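Worksheet: the structure to be examined is printed underneath.
No value in this document is a laboratory result; all are computed from the given coordinates. Computed from a predicted model, the values in this text were never measured in an experiment. Note that each Cβ is placed from the backbone with ideal geometry, even for glycine, and that neighbours are counted across all protein chains shown.
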Amino acid sequence: MSMKTCAVVVTYNRLELLKECLAALLNQSASVAHVVVVNNNSDDGTTEYLNQLNDDRLIIHNSTKNLGGAGGFSFGLDKAVSSTDDDYFWLMDDDTIVDQYCNQALLDKAKKLNDQFGFLAANVRWTDGTPSNVPIPTADWPMRITEGLVEISVSTFVAFFVSRANVVKVGLPLAEFFIWQDDVEYCLRVGKLGPSYLVDQAIAVHKSASKPGTFLVQNDVLARVPRYYYQFRNNMYITRHYHGGKAVRKMVRVNLIDTIRVFIKAKNHRFKRASTEFRGTIKGLTFEPKVKFVNKN
């Protein structure tokens, strides 16, 4: 019996990229059974475009508010599990363009592993062909490299592939994260169920405006500074829950020192940039969202 994949795409005001993302998904060599699209209250024509699409594989939700990336993935994955009987769920942002054979490569490795894995990740490149969204390898990363598998501990929601059984066991991504680090936390949670792997033949291109990791609160454009609050808050939550008290104390110390550095060295709006890091760090010490579980097995 063939196994079925349901993609989950979260989009916000990137209509042209969304069109490219959906075209790539709907033209896979191993067809996807469904695509759940969560539209985070876009105002660039995305709603109108989605409403005129005529494909039975599409399950579209036009949200009346911006749920953030984390909220979108949590809602979308819940919708995917409860609305389909598909075996695997494939999470990605609207700027993820998967290769035509990407789903087939992931399905082949899932079968080879007999579903005994936490999650699978695509081999992601940026627009210039260089590696992007590079996963964190484990100490045993070379063990199955001759099989096209690199063991990893953390990846991102850029062509992230997980089984229905594992979603049912661990629940949904934490919607309260809003943006950033929700994928890291989910990887750590799902990864407890078994080894996870990057699949070398599962190619995807991440068409982000800038290469991930190239901007920091100190030098990013002012309009993006407020979102760093979520990064520092969510990182602190992850450290508390997965790395222990010693790591928490170290992170607090490092972040407070970095707050001073940002205040001194930022080229403009120094107080806003530094206070964003400080407030996020402190809030992360008590931030405690609860894991929600899917509505249907």
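Close amide H contacts of SER132 (hydrogens built in the peptide plane, cut-off under 5 Å, sequence separation of 5 or more or a different chain): VAL124, ARG125, TRP126. Scalar couplings 3J(HN,Hα) for the stretch 124-132, obtained by applying the Karplus form with A = 6.51, B = -1.76, C = 1.60 to θ = phi - 60°, are 9, 10, 7, 5, 8, x, 7, x, 9 Hz; x denotes Gly and Pro.
Take the Cα of ASN54, step 7 Å toward its Cβ, do the same at PHE271, and the gap between the two points is 5.9 nm.
What is the stretch 175-217 by shape, rounded, prolate or oblate, if you read a ≥ b ≥ c off the alpha carbon gyration tensor as root eigenvalues and call it rounded for a/c under 1.5, prolate for a/b larger than b/c, and oblate otherwise? The shape class here is oblate.
The order of the peptides 44-57, 179-192, 231-244, 151-164 by mean Cβ neighbours within 10 Å, most packed first, is 151-164, 179-192, 231-244, 44-57.
Return the calculated 222 nm mean residue ellipticity for the chain, to the nearest 500 deg cm²/dmol, obtained by summing -39500 (n - 2.57) across DSSP H runs with n ≥ 4 and dividing by the residue count. Computed ellipticity for the chain at 222 nm equals -12000 deg cm²/dmol.
Neighbours of CYS21 by Cβ distance under 13 Å: Lys/Arg scored +1, Asp/Glu scored -1, total -3. With log10 I(q)/I(0) by the Debye sum over Cα atoms at q = 0.09, 0.10 Å⁻¹ as the read-out, I listed [x] -0.52, -0.63; [y] -0.68, -0.82; [z] -0.44, -0.54; which label goes with the value calculated from this structure? Matching entry in [x] -0.52, -0.63; [y] -0.68, -0.82; [z] -0.44, -0.54: [z]. Cross-linked pairs LYS207/LYS246; LYS19/LYS290; LYS79/LYS109: Cα-Cα separations exceed 28 Å for LYS207/LYS246; LYS19/LYS290. Near PHE160, the amide H atoms lying under 5 Å from its own belong to LEU91; only residues 5 or more places off or on other chains count, and H is placed 1.01 Å from N. Which of rounded, prolate, oblate describes the stretch 91-202, given a ≥ b ≥ c as roots of the alpha-carbon gyration tensor eigenvalues and a/c under 1.5 marking rounded, otherwise prolate only if a/b is larger than b/c? Rounded.
Determine which aspartates and glutamates satisfy two conditions relative to LYS169: a Cα distance under 19 Å, and not lying fewer than 8 residues away in the same chain. Once the sequence-local aspartates and glutamates are set aside, what remains near LYS169 is ASP78, ASP85, ASP86, ASP87, ASP115, ASP182, ASP183, GLU185.
Dipole size of the chain about its Cα centre, with +1 on Lys/Arg Cβ and -1 on Asp/Glu Cβ: approximately 1620 debye, rounded to the nearest 20. With both residues required to sit in the stretch 5-206, DSSP beta bridges show an antiparallel share near 45%.
Shape class for the stretch 222-284: oblate, because the ratio a/c of the largest to smallest gyration tensor axis (alpha-carbon atoms, square roots of eigenvalues) is 1.5 or more and b/c is at least a/b.
Give me the aspartates and glutamates in straight-line cross-link reach of LYS283: C-alpha distance below 14 Å, same-chain residues under 8 apart excluded. Correct list for LYS283: GLU176. Among the helices of the chain, those built from whole DSSP H runs whose Cα atoms reach 27 Å or more along their own axis and whose mean Kyte-Doolittle hydropathy is at least 0.0 are 245-265.
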